[in-house]
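Since every read-out is calculated from the coordinates, none of them should be taken as a lab result. Quick caveat: nothing in here was measured; it's all calculated off a predicted structure. Here the Cβ positions follow ideal geometry from the backbone for every residue, glycine too, while neighbour counts run over all protein chains shown.
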Amino acid sequence: MHDRAARPAGAVKSAAAIATEIMILLNIDVRIAQVRPRVEATVHRLPAPSHAHVHAFLVRCSVRCPQCIRWGGLHFSAETADAIAAGFSFAFRKAFCEEARYDFIRNLEERIMKTETLESVAKKLVAPGKGILAADESSGTIEKRLKSINVPSTEENRRAYREILFTTAGAGEFISGVILFDETIRQKTRDGRTFVEALEQQGIIPGIKVDKGAKPMANFPGEKITEGLDGLRDRLTEYRKLGARFAKWRAVITIGEKIPTQTCINANAEALARYATLCQEGELVPIVEPEVLMDGTHTIERCFEVTEQTLRSVFVALAEHRVVLEGMLLKPNMVLSGKDCPQQASVQEVAEATVRCMKRVVPAAVPGLVFLSGGQTDQQATEHLNAMNQMEGLPWQLSFSYGRALQAPVLKAWKGDPAKVADAQQAFHHRALCNSKARFGKYTEDLESAKAA
Ligand code: 13P
């Protein structure tokens with residue numbers, strides 16, 4: 001059947017045997033018998049593999065190369081060892097995988113590649129001087145925002161408003177990414193470009209909110225659980241095709257009397273972790289957002305305690321679900337006094353408490369923290385970010401992913417008037433610039449008056 005004479009007889013046998021042994025070693029159930037004849041046929045045609053080929057393959061399999069490092073730790077027979085050194089080739093591996101339709105190696109390569117892509121997108125999102133615009137308000141929330149300026153929430157008004165934000169000239173200098181809503185990712189600018197294209201032309205990475213909102217948690221009065229896992233894998237595939245490169249899922253933790261419960265925290269952490277792994281599988285960088293709300297009369301100390309408890313649970317769940325930390329971003333709340341607490345912490349106190357809390361629980365492998373503004377005024381949110389970035393020894397990029405704190409001045413300037421679009425864009429540009437300065441700890445209050453001048 002094969003031209004065995006062309007190769008030493010032992011080489012064919014040994015190569016197949018090695019494959020078996022390696023696969024067993026790696027606990028992979030392949031039907032060797034089914035593919036052996038075709039593998040052997042392929043092996044016959046192969047040129048002698050170089051050490052570089054053998055080495056590359058073994059290293060990828062996390063197996064030590066026998067030619068470089070002796071057999072320490074591996075339990076191959078002497079015969080197998082000889083065969084590896086003599087004949088286990090890169091091409092054999094390829095043939096084996098293709099024929100077996102169990103492409104372990106390809107999966108491994110893809111995983112490595114995906115991780116690299118996820119990592120590079122995550123890093124771009126927290127590039128120095130840049131941060132994220134959260135423009136992913138659900139239909140209900142955008143209605144509230146537009147109502148505040150007496151603009152009815154029609155599809156065209158929502159589109160026109162988002163176009164103001166996304167087409168602001170120079171926004172790409174300060175904004176790395178924009179989080180879109182399901183409706184928004186399908187909309188276009190007036191001149192016919194999709195919003196995704198318009199953002200990309202500004203060098204801005206499009207992202208997408210994928211949760212379906214925080215709903216009352218059954219049996220846990222006053223607490224919420226975020227829904228949206230059902231069908232998420234397919235939705236992520238569609239969003240990826242529409243151009244999204246990252247996603248967001250927001251969990252909400254409320255501070256009150258006897259809440260939050262550990263049950264609520266864990267349930268939300270589990271959902272965040274399941275969302276994050278699905279994102280990474282679908283090649284989207286997950287932004288993991290466990291928001292401890294600032295509503296309430298609680299002190300900054302209580303916020304610290306709950307934020308720490310929440311983040312601990314989130315990172316345990318992320319680890320259990322094997323989320324690659326380098327390929328995700330955390331979107332935390334800052335550690336603040338409750339909105340109605342009589343004793344309001346200073347900017348410096350907020351910055352110190354937030355960084356101390358994050359350092360306790362957020363692994364340094366996470367490339368960046370992109371804070372939400374959560375109801376702070378736009379200026380407060382900038383000042384807090386600025387003060388944190390003036391601190392030494394930060395293991396991650398500290399950035400922003402603000403919704404209200406970037407958009408409040410835009411809404412105020414626009415008010416639905418087409419003649420005010422330029423003013424609205426200037427307001428957005430200015431706010432983005434202030435936060436960009438805060439990324440370097442170089443924001444000063446003078447910048448606020450510079451805009452007015
Ligand atoms: P805020 O900055 O308004 O809190 O919005 C950020 C966000 O995306 C909340 O999910």
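Taking amide H positions as modeled 1.01 Å from N, with prolines and chain starts lacking one, the residues under 5 Å from residue 299 and 5 or more places away or on another chain are 338. A full extension of the chain between residue 447 and residue 220 corresponds to an added length of 77.2 nm, given 0.36 nm per residue minus the alpha carbon distance. Of the trypsin sites (Lys or Arg not before Pro) found in segment 380-453, those that fall in a DSSP loop while having at most 15 other beta-carbon atoms within 10 Å are 415, 442. If you wrap segment 147-204 in the convex hull of its Cα atoms and look at it from every side, the mean projected area works out to 4.2 nm².
Counting neighbouring beta carbons within 10 Å and listing from fewest to most, the residues 230, 211 come out as 230, 211. Working from the Cα coordinates of segment 273-383, the gyration tensor eigenvalues give, after taking √(5λ), semi-axes of 27, 13, 12 Å in decreasing order.
Residue exposure proxy: 204, 179, ordered by other Cβ atoms within 10 angstrom of their Cβ from fewest to most, comes out as 204, 179. Between residue 141 and residue 301, the simple spin-label model (points 7 angstrom out along Cα→Cβ) gives 3.2 nm. When each of 136, 446 is scored by the number of other beta-carbon atoms lying within 10 Å, the sequence from fewest to most is 446, 136. In a simple Cβ point-charge model (Lys, Arg +1; Asp, Glu -1; nothing else charged), segment 136-260 has a dipole of about 80 debye relative to its Cα centre.
The lysine pair count for segment 300-453, using Cα distances under 19 Å and pairs eight or more places apart or on different chains, is 7. Across every direction, the projection of the convex hull enclosing the Cα atoms of segment 109-157 has a mean area of 5.7 nm².
Quick one: Cα centre-to-centre distance for segment 379-453 and segment 241-287, in angstrom? Taking the Cα centre of each part, segment 379-453 and segment 241-287 sit 26 Å apart. Restriction of the GluC sites (Glu not before Pro) in segment 234-294 to DSSP coil positions whose beta-carbon has at most 15 other beta-carbons within 10 angstrom yields 257. Bridgeable aspartates and glutamates around residue 248 (alpha carbons under 14 Å apart, same-chain partners fewer than 8 residues away excluded): 136, 137, 182, 211, 227, 283, 289, 291. For segment 347-446, chymotrypsin sites (Phe, Trp or Tyr not before Pro) meeting the loop criterion (DSSP other than H, G, I, E, B) and having at most 12 other Cβ atoms within 10 Å: 440. FRET efficiency for the pair residue 117 and residue 394, taken as 1/(1 + (r/R0)^6) with r the Cβ-Cβ distance and R0 = 35 Å, rounds to 0.90. Need the list of lysines near residue 241 for cross-linking: C-alpha distance under 17 angstrom, and skip anything on the same chain fewer than eight residues off. By straight Cα distance, residue 241 reaches 114, 188, 209.
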